[in-house]
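What follows is a single structure, written as structure tokens, with notes after it.
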Amino acid sequence: MNMMNYSVQEGTETADVTFRGELTIRSAGEIREILRNALDGRRTVKVHLEDIDILDLPCIQIFCAAQKTAFATNKQLILDAALPETVTRVLEQAGFYCLKTCGHSGNNACPMTRRTDG
Amino acid sequence: MNKTVDAQSEIYKEEARELLVVLEDSLLQLEGSPDDTELIGQIFRALHTIKGSGSMFGFDRIAAFTHEVETFFDRVRNREIHVSKEIIDYTLKAKDYIKLLLEAPTTDEAPCEQELETLIGYFNRLVSEHKATKTQNPSSNASTTILSTQGASLSNTPVGLLTYRIRFSPAAGIFLTGTNPLFLLEELHALGECRIIAQRNAIPSLEEINPEQCYVEWDFILTTDKGIDAIRDVFIFVEDSAETRIETIGDPVDEEGYKKVGEILVERGDIKGEDLKKALDEQRHIGDILVDKGVVARDRVVSALAEQEQIKEVREKKAREEAALSIRVAAGKLDKLVDLVGELVTVQAHLSQKANSQIDPELVVIAEEVERLTGELRDNTMSIRMVPIGSTFGRFTRLVRDLSKELGKEIVMTTEGAETELDKTVIERLSDPLVHLIRNSIDHGIELPAQRESLGKTRKGLIQLSARHVGAQVHIEITDDGAGLDGTRIREKAIEKGLIAPDIEISNRELFALIFAPGFSTAKTVSNISGRGVGMDVVRRTIDALRGQIGIESEKGIGTTITLRLPLTLAIIEGLLVEVDKDYYVLPLSSVEECIELDHTKDTGREEHRFVNLRGHPVPYIRLRERFDIAGDVPDVEQIVVTDSGGNKIGFAVDQVIGEHQTVIKTLSRVYKNADSVSGATILGDGTVALILDVSKLSQVSRSEGSI
């Protein structure tokens, strides 16, 4: 099993958070704390998921919650690179790709949204 | 009316007739399962198409009348009016009236205006009664009524392609039970074309979220032919930790477009009717307005849009498939094709004969190849004319229902082998004889419910129609569990009519065959259904004309089975080729029982009465040489082809039996219209014409002339 690990590059305005390995329910609580800390006091958080192996539903929910929090506090949560194909497929099958931007992100593209307009 | 309009009208009429058959069939099925939403949907769609196309092709009376019935059935579809026997009765009458309008000349006044008024009055009354009930009970809001399939059949039988709307709401603690909802989604994907929209609205902020709780629910738009049970099976293990709502939404009928986003949201219960009305007053995309107003979450709108898109795609795909799967061809063109193939078969036979008489191996190979291809072409051409008998069977459900009601009887009709295929012409001509036989079964066969009970039978009588292929024939059986034929009474009546001598002993088979004699009836009373004795001889004549035979098996008090044995096609005949002098004749193989020799050098038969001794039984025979005035002497040894015609054996004396012969039938020109005993002709490989004999007619003519 390839446990989740992460790294954070902190700046004054932005933070770059990179996750690796398996993002499952075991690490969902930890991911929540990492994102909460990253958003705290910064306008933009860039999330890097290109090296993750698994993204399960509890973790997808955490990223949606982070998006919602960022939007509500006039901040930005940006998915900075393409997701691995396996993760993309999971998101697609689970209905997290939608035709329009979701309500949590206003008119900005949601990190979980591949197509921004139907 | 110009030719194009004529052709279009004919296409409409043809389609409308098919739809009326579907309509009647669905109504009769609905009577047995009044909650079946799929059947209700089928009925509504049939009405909708009849109306829509009628209006397009100028059948305004049909469009106007069907509109009334459709409006009424829309209420039934929305579960606002419940299906009753009375509703089925009236809708069947409406179907009959549409048929009447369809066949009536468009220039005439509307036929049976009184019937029209009665029907429209009935449907309008039910609709207005419903409206009144709705006003008293505002909670029954039509716009929020949806076609739930909760009460639908639990059958696992695959149904047609349907689209379902599924909302899956897992309990918050589902992760703690070890269930991964994403696996369920994979299973749904495997069932068919599926769109999934995750509803994320309930996901809280990072501060509030509990990572071990599920906040998402899903909307699925699934198009599948696997049936609702297959969908339920996917969710079977999460029944206690999730709520699942499954609704049937397609195959929608509105050609102008599927439901609007607002309608879908109201139907799903995501918004209220009044919210929709308010939003409609603004001139923007309805989804955007509703989201901006905070009436509905964006994901819900996205889901409704996905539903629209899926239905559109499914409909387009279906239209493409239907267009590719079948084309409508005029029957006349098919007949012409069969004629041409017949010509080709003849030319091919000629070629084969020539090739075999030449010493040219290359020519023989070519002839064999042409023979193979011609055979394939012939079989394929014939198969195009084949249609399943099911549609004909379907018509009798109504007949049984109406007649049994009229006579106070309780009858169930079952069918078997509806998929059995027969030549289109055979099926068309078979309808009337079958109607007659079924009417007889209902009127004379099946007893009244009380009488059946007193005899230890079930109250409900049974009529079974079955069809199956037996070699090159199709056997159709009409079986009832009624009173059976009364052999004694038939015998008495036959003696009274002079059909048999009082002292003659005949088998049950021969005795029962007498009911096909003209004017023969044992019925004590004549009803408007049967009993005049004018039908069974017509049945016999029609079946004879189809080169078929009828058999009867019956046991008093137990029931009767009438078997019709018919050729698969009228275009090809399996015959026995015989020769008299230099002329050739074909006898339908289905009538032939055996061939025996008639040796005049030691003949002990009664030559003057034309009888031959067949294992101790005298069998009358007709000498074709004399029948057709063929010159020349009778050979010392003749061949007698013994045939069976309606239970009677009769022989045909010929010079030589050549053998079995399968050939394409050529109809005779009008010059030969009085040649009763010949049903057609065929051309042999060397170009010689062989006449196809009508065994039944030949024996009838000979009997009436007293020559046998």
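In debye, nearest 20, what is the charge dipole magnitude of the protein assembly as shown about its Cα centre with +1 on Lys and Arg Cβ and -1 on Asp and Glu Cβ, if you could check?
The dipole magnitude comes to about 1920 debye.
Using modelled amide H (1.01 Å from N, peptide plane; none on Pro or chain starts), what sits under 5 Å from the amide H of residue B:679, excluding residues fewer than 5 places away?
Those lying under 5 Å, H to H, from residue B:679 are B:692, B:693, B:694.
Could you please rank B:668, A:49, B:422, placing first whichever residue has the fewest other Cβ atoms within 10 Å of its Cβ? Working shown, then result.
Details: B:668 15, A:49 21, B:422 26.
Neighbour counts put them in this order, fewest first: B:668, A:49, B:422.
Whole percent per 5 Å bin, from 0 to the bin with the longest distance: what is P(r) over all C-alpha pairs of segment B:572-705?
All Cα pairs considered, the percentages come to 2, 10, 21, 24, 22, 13, 6, 2, 0.
Please report the base-10 log of the normalised intensity I(q)/I(0) for the protein assembly as shown, using a Debye sum with one equal scatterer per alpha carbon and no solvent, at each q in 0.05, 0.06, 0.07 (1/Å).
Log-scaled intensity ratios, in q order: -0.46, -0.62, -0.77.
Can you give the translational diffusion coefficient of segment B:162-325 in µm²/s, computed by Stokes-Einstein from the Kirkwood radius over Cα pairs at 20 °C and 1.002 mPa s?
D = 125 µm²/s.
May I ask you to sort B:214, B:194 by Cβ crowding, counting other Cβ atoms within 10 Å and putting the fewest first?
With the sparsest Cβ surroundings first, the list reads B:194, B:214.
Counting pairs of alpha carbon atoms under 8 Å apart in space and at least six apart in sequence, what relative contact order in percent does chain B give?
Relative contact order for chain B comes out at 8 percent.
Magnitude of the Cβ-charge dipole of segment A:5-105, K/R +1 and D/E -1, about the Cα centre, nearest 20 debye? Please list the in-between numbers first.
Details: 11 positive and 14 negative charges, 95 e Å.
Value, rounded to 20: 460 debye.
When we measure straight from the Cα of residue B:13, which lysines land under 16 angstrom away, once same-chain ones fewer than 8 places off are left out?
Once the sequence-local lysines are set aside, what remains near residue B:13 is B:3, B:51, B:95, B:99.
Can you find, among B:679, B:656, B:692, the residue farthest towards the positive end of the dipole of segment B:572-705? Put +1 on the C-beta of Lys and Arg, -1 on that of Asp and Glu.
It is B:679, whose Cα lies furthest towards the positive end.
For residue B:319 and residue B:60, FRET efficiency with R0 = 45 Å and r from the beta-carbon atoms, rounded to 0.05?
The computed FRET efficiency comes out at 0.95.
Report the net charge of residues surrounding residue B:232, where surrounding means a beta-carbon distance below 12 angstrom and charges are Lys +1, Arg +1, Asp -1, Glu -1.
-2
Can you list residues from other chains, or at least 5 along the same chain, whose modelled amide H is less than 5 Å from the amide H of residue B:658?
Amide H neighbours of residue B:658, under 5 Å, 5+ apart: B:577, B:578, B:579.
Which FRET efficiency value, to the nearest 0.05, is calculated for residue B:495 and residue B:225 with the Förster distance at 41 angstrom and r the Cβ-Cβ distance?
That gives a FRET efficiency of 0.10.
Non-local amide H neighbours of residue B:214 (under 5 Å, H modeled in plane, Pro and chain starts lacking H): which ones?
Hits under the 5 Å cutoff: B:173, B:174, B:175.
Suppose we take every Cα in chain B and form the convex hull; what volume per residue is that in Å³?
Here the figure is 262 Å³ per residue.
Net charge within 13 Å of residue B:402 by Cβ-Cβ distance, Lys/Arg positive one each and Asp/Glu negative one each, not counting residue B:402 itself?
+3
For segment B:425-478, compute Rh as the Kirkwood radius over C-alpha pairs and then the Stokes-Einstein diffusion coefficient at 25 °C and 0.890 mPa s; write the answer in µm²/s, rounded to an integer. Working shown, then result.
Working: Rh = 13.0 Å.
So the translational diffusion coefficient is about 188 µm²/s.
For the peptides B:173-186, A:63-76, B:549-562, what is the packing order when you average, over each peptide's residues, the other Cβ atoms within 10 Å and list the highest mean first?
Working: B:173-186: 15.9, A:63-76: 20.8, B:549-562: 18.4.
In decreasing order of mean packing, B:173-186, A:63-76, B:549-562 become A:63-76, B:549-562, B:173-186.
Among A:28, A:48, A:7, which residue has its Cα positioned farthest towards the positive end of the charge dipole of segment A:1-54, with +1 placed on the Cβ of Lys and Arg, -1 on the Cβ of Asp and Glu, and the dipole taken about the Cα centre?
A:28
Average the reciprocal distances over every distinct pair of alpha-carbons in segment A:42-98, invert the result, and give the Kirkwood radius in Å.
When all Cα pairs of segment A:42-98 are included, the Kirkwood radius is 12.1 Å.
Run down the lysines and flag those whose C-alpha is under 24 Å from the C-alpha of residue B:354, throwing out any fewer than 8 positions away in its chain.
Leaving aside lysines fewer than 8 places away in the same chain, those within reach of residue B:354 are B:582, B:666.
Readers should treat all values here as calculations from the given coordinates under stated rules, not as data from a laboratory. Being a predicted model, the structure only gives us computed values, none of them experimental. Quick reminder, even Gly has a Cβ in these numbers, built from the backbone with ideal geometry, and neighbours come from all protein chains shown.
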